[in-house]
Amino acid sequence: MEAVKKLPIGIEDFHKLRSEDFYYVDKTGLITELLHNWGEVNLFTRPRRFGKSLNMNMLKYFFSYGCDPALFDGLAIARETGLCEKYMGQFPVISVTLKGVDARSFEDARAALGTVIGNEALRFRFLLDSGRLSEEEKLRYRNLITIDRSGRQEFAMSEETLRGSLLLLSQLLCAHYRQKVILLIDEYDVPLDKAQHAGYYDEMVDLIRSLFGRALKTNSSIQFAVLTGCLRIAKESIFTGLNNFNVFSITNAQFDEYFGFSDQEVKDMLSCYGLEKQYDLIKEWYDGYCFGKTDVYCPWDVINYVNQLRFEPDAKPRAFWINTSGNAILRIFLQKMTMKTRRELERLVNGECVAKRVNEELTYRELYESIDNLWSVLFTTGYLTSRGECENGCRLLAIPNQEIRRIFTEQIFTWFQEEVRKDTPKLDAFCRAFQEGDAAAAEHQFNAWLRQTISIRDTGVRKNQKENFYHGVLLGLLSHREDWDLDSNAESGEGYSDIQIEIADEKIGIVIEVKYADDGNLENGCREALAQINGKNYADRLLQDGMTTVLKYGIACHRKRCLIRTDTG
C-alpha cells in the first residue's frame, strides 16, 4: 500500500517539502508566468497564509546556482524544457524575508534588519577569495558580515552600510559570477507595520525607502526582483522613482491562481486522504476568496483541517487563521465604527454585501486615519473579499466564509463586552434583576444592549447558530458577577441547559434557556424554553448542590428584540 504523504504544516522550505515527501500543491506555473511576463521589479500582495513565502522559496531554489532539477520532477515547470534549460540554476539569488523585523524601537529594528541581510550575505563567503573582486570590494563585503563583538549576534554594519547593503551585495555577486542577480524580498512591509504600531514609522520609512531605492532603481546588477507583502504601500512612500514597477494585487487577474488553493486542488487533496465527504464543510468554512477572477481557499486552513481530520475524523472546523495574527485591524475598525458602519457590519455578518470604494495605495500612516481607509485594509488583508464591482467603481465587499465570520463574531463579542463594562451600574442592575426574579427589568436592559450590538438575521444561518449568538452575548453580560458560579452548557437532569448560575451565599440557583424565534413569536419561544427547562429537569443539579430557590428563565430573541419570562421552582 502506497504511503500517504505528510502534510506540510507551516513548512515554507521548498527543498524540504519536495525532498522529504510532503504533499505539494503545484504552483510552479508561477515561474512560467513570471518568465513570460516579468518586469524588473514585481510586487505580489496577498493576505497572510496564502503561500507567499513558499512561492518565494520555490523561486529561490529554481533560479539559484546549484539547483537540483529533481526537486521539480513531475511539476508543471518541468514540462517547460526551454525555460528550464535557459533559467534553472543559472543565477545568483539574494533572498531575504523581513517578517522577523519586529522591535519596539527603531534602533532594535535597524539592528534586526541588519542581521537579516548580514545572514544572507554570509551565504556568499566565497567572495572573500574571489579573483574577480578587488581588495577594496572585499573590504566592503566584510562590512556586511562582521558580527557585533557584544555577542548579541547582530551585524555591526553602520546605517549607511545597511542602506546600501542589497545594492552592494548584488554588485559583488554580479562581478564575481559575471551574471545578473535575482533579488527576492519576502514580507517587505512587515517592518513598516511594526514601526507604525511602535511609534518609529518615519525613521523606518526613510530606511526602507533608501534600502529599496538603491537596490531596485537603475541597478544594472539586477536581472529582476520579486517582492511580496500584505499591502501595497503607496508608491510615493517607498518605491519613489521606480518606473519599472509591476504590482499584482488581489484585484489583478494575472497570477491570480498561484496564491491559494483552487476548488479542484482542494478536491484532489481530499481524494488523496480519503476525505471527499468533508468537501462541503471545507468549502463553507475556508473557500470564498476571489483573487482577480479566480475563487480560492486559504491554504493554511485547508492543510491544517485536513491534517486534523486524518487523526480525528469527527473534528469540527475551526478558525486556524486567527492564530496567525492578533487581529488588531479588526479591533481598530470596531472601535472607530459609526452607527452607519455598525449597520453595514451587521449586513456583512448576515451574509450580505456592502459597496465600498477600495484604495489599494495607502501608507501605513493613513491606514487608521478614517473608517473609509479601514474598509480598504480589511479587503486587502483578507477579512473581506470582492463579490464584483459597481458601475461607480465601488466594490461589493463580503465576508468570505464561515471562518472569517467566526472571527468577526468573536471580535464583536469582545468589543461589545468592553463597551458594556464601561457602565458598571447598569451591569450590576442587570445581574440583580436576574437574582431577584425581575424579568421585566432584565428584559428592558437586554433589549437596550441588543439595539447596540450586531444581530444575526441571515436566513442561511442555522437556528442553533443564531441562538448561540444571543447565548454568547448574555453569557458575557452575566459573567460580570465574578462572585457567581456561572456555567455554560451545563449537564443537568436529562440534558444540557444553556446557562446555570449558583449564588452560594444566597442559596439561589438560576437556569436560563435561550431560543431564537424565527417567526418573531417571542411568547411562543419563551414558553418553549421554559417547557424545556421543566421537561428535562434542568434544575436538578442546582437543587442537588443545595440551592433552596431556583429561578427559571426562558428567553426568546428575534433580531434586536428579546422577551424574558420566568418560572420559580
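Report, in debye and to the nearest 20, how large the dipole of region 1-99 comes out about its Cα centre when Lys and Arg carry +1 and Asp and Glu carry -1 on their Cβ.
It works out to roughly 480 debye.
Any idea what % of Cα-Cα pairs in region 243-363 are farther than 18 Å?
Counting every Cα pair in region 243-363, those more than 18 Å apart make up 65 percent.
What is the spread of the Cα atoms of region 156-282 along each of their three principal axes, largest first, in whole Å?
Principal-axis extents of region 156-282 (Cα, largest first): 58, 42, 32 Å.
Nearest 10 degrees, 0 to 90: what angle lies between the long axis of helix 402-420 and the longest principal axis of the chain (Cα atoms)?
60
If you take the C-alpha gyration tensor of region 234-300, multiply each eigenvalue by 5 and take the square root, what semi-axes do you get, largest first, in whole Å?
Working through the eigenvalues yields semi-axes of 34, 11, 9 Å.
Taking a ≥ b ≥ c as the square roots of the eigenvalues of the Cα gyration tensor of region 410-457, is the shape rounded (a/c under 1.5), prolate (a/b larger than b/c) or oblate?
Since a/c reaches 1.5 but b/c is at least a/b, the shape of region 410-457 is classed as oblate.
How would region 423-549 be classified by its alpha-carbon gyration tensor: rounded, prolate or oblate, with rounded meaning a/c under 1.5 and the a/b versus b/c comparison settling the rest?
Taking the square roots of the gyration eigenvalues as a ≥ b ≥ c, region 423-549 is oblate.
Rounded, prolate or oblate for region 1-69? Axes are the square roots of the Cα gyration tensor eigenvalues, ordered a ≥ b ≥ c, and the cut-off for rounded is a/c under 1.5.
It comes out prolate by the Cα gyration axes.
Report in % the part of the accessible area of region 10-139 that belongs to carbon and sulfur, leaving out ligands and nucleic acids; probe 1.4 Å.
44
Got the relative contact order for the chain handy, in percent, Cα pairs under 8 Å and 6 or more residues apart?
Worked out over the chain, it gives 11 percent.
How much accessible area per residue does the chain have, counting only protein heavy atoms and a probe of 1.4 Å, in square angstrom?
Per-residue accessible area for the chain comes out at 43 Å².
Which of Leu522, Ala441, Gly476 sits closest to the plus end of the dipole of region 428-559, meaning its Cα is farthest towards the positive end, when Lys and Arg get +1 and Asp and Glu get -1 on the C-beta?
My answer, from the dipole projection, is Leu522.
Using Cα centres only, tell me the gap between region 377-447 and region 99-116 in whole Å.
Each part's Cα centre sits 36 Å from the other's.
Any idea what Rg and Dmax come out to for region 116-220 if you just take the C-alpha atoms, in Å?
Reported Rg and Dmax, both Å: 14.6, 47.
Taking the Cα centre of the chain as origin, sum charge times position over the Cβ atoms of Lys and Arg (+1) and Asp and Glu (-1), and report the length of that vector in debye to the nearest 20.
Dipole of the chain, to the nearest 20 debye: 1260 debye.
Only helical DSSP H runs with n ≥ 4 go in: add -39500 (n - 2.57) per run for the chain, normalise by residue count and round the 222 nm mean residue ellipticity to 500 deg cm²/dmol.
After summing the helix terms and dividing by the residues of the chain, the value is -13000 deg cm²/dmol.
May I have the extent of the alpha carbons of region 525-569 along their three principal axes, as whole Å values ordered from largest to smallest?
Projected onto its principal axes, the Cα set of region 525-569 covers 37, 17, 13 Å.
With 26 Å as the cut-off, how large is the P(r) tail for region 1-136, expressed as percent of Cα-Cα pairs?
Cα-Cα pairs in region 1-136 separated by more than 26 Å: 37 percent.
Over the Cα atoms of the chain, how large are the radius of gyration and the largest Cα-Cα distance (Dmax), in Å?
In Å, with Rg to one decimal and Dmax whole: 28.7, 94.
Quick one: if the Förster radius is 30 Å, what FRET efficiency do Arg123 and Ser370 give, using the C-beta to C-beta distance and rounding to 0.05?
0.10
Given a 1.4 angstrom probe, I'd like the percentage of the accessible area of region 334-477 that is carbon and sulfur, rounded to a whole number.
44
Using only the alpha carbons, work out the radius of gyration and Dmax of region 352-445 in angstrom.
Just the Cα atoms of region 352-445 yield Rg and Dmax of 19.3, 57 Å.
Just to confirm the number: angle between the C-alpha axis of helix 339-349 and the first principal axis of the chain, 0 to 90 degrees, nearest 10?
On a 0 to 90 degree scale, this one is about 80.
So for the pair Asp26, Lys340, with labels modelled 7 Å out along Cα→Cβ, what separation do we get in nm?
So the label points at Asp26 and Lys340 sit 5.1 nm apart.
Considering only Ile250, Tyr24, Ile11, whose Cα is most displaced toward the positive end of the charge dipole of the chain, charges sitting on Cβ of Lys, Arg (+1) and Asp, Glu (-1)?
Checking the options against the dipole of the chain, the answer is Ile250.
Please give the direction-averaged projected area of the C-alpha convex hull for region 292-361, in square nanometres with one decimal.
Taking a quarter of the hull surface, the average projection is 7.3 nm².
Compare the peptides 249-261, 543-555 by average per-residue count of other Cβ atoms within 10 angstrom and give them in order, highest first.
Averaged packing, sorted descending, gives the order 249-261, 543-555.
Quick one: length gained pulling Ser271 to Glu528 fully straight, 0.36 nm per residue minus the C-alpha distance?
Separation in residues times 0.36 nm, less the Cα-Cα distance, equals 88.1 nm.
Using every Cα-Cα pair within region 335-383, state what percent have a distance larger than 13 Å.
59
Place a point 7 Å from Cα of Glu159 in the direction of its Cβ. Which residues in region 84-125 have their backbone N less than 20 Å from it?
Once the point is set 7 Å along Cα→Cβ of Glu159, 101-118 turn out to lie under 20 Å by backbone N, inside region 84-125.
Relative to the longest principal Cα axis of the chain, at what angle does helix 201-216 sit, 0 to 90 degrees, rounded to 10?
That works out to roughly 40 degrees.
Check which residues have an amide H placed less than 5 Å from Cys562's amide H, if you skip close sequence neighbours.
For Cys562, no residues qualify.
The values are calculated or read from the model by the stated rules, or taken from the named source; none is laboratory data. This structure is a prediction, so every number in the text was calculated from the model and none was measured. Don't worry about glycine lacking a Cβ; one is built from the backbone with ideal geometry, like all the others, and counts go over all protein chains shown. Ligands, DNA and RNA are stripped out before the accessible areas are found, and what is left, the full protein with its side chains, is counted by its heavy atoms. Shrake-Rupley method; radii C 1.70, N 1.55, O 1.52, S 1.80 Å.
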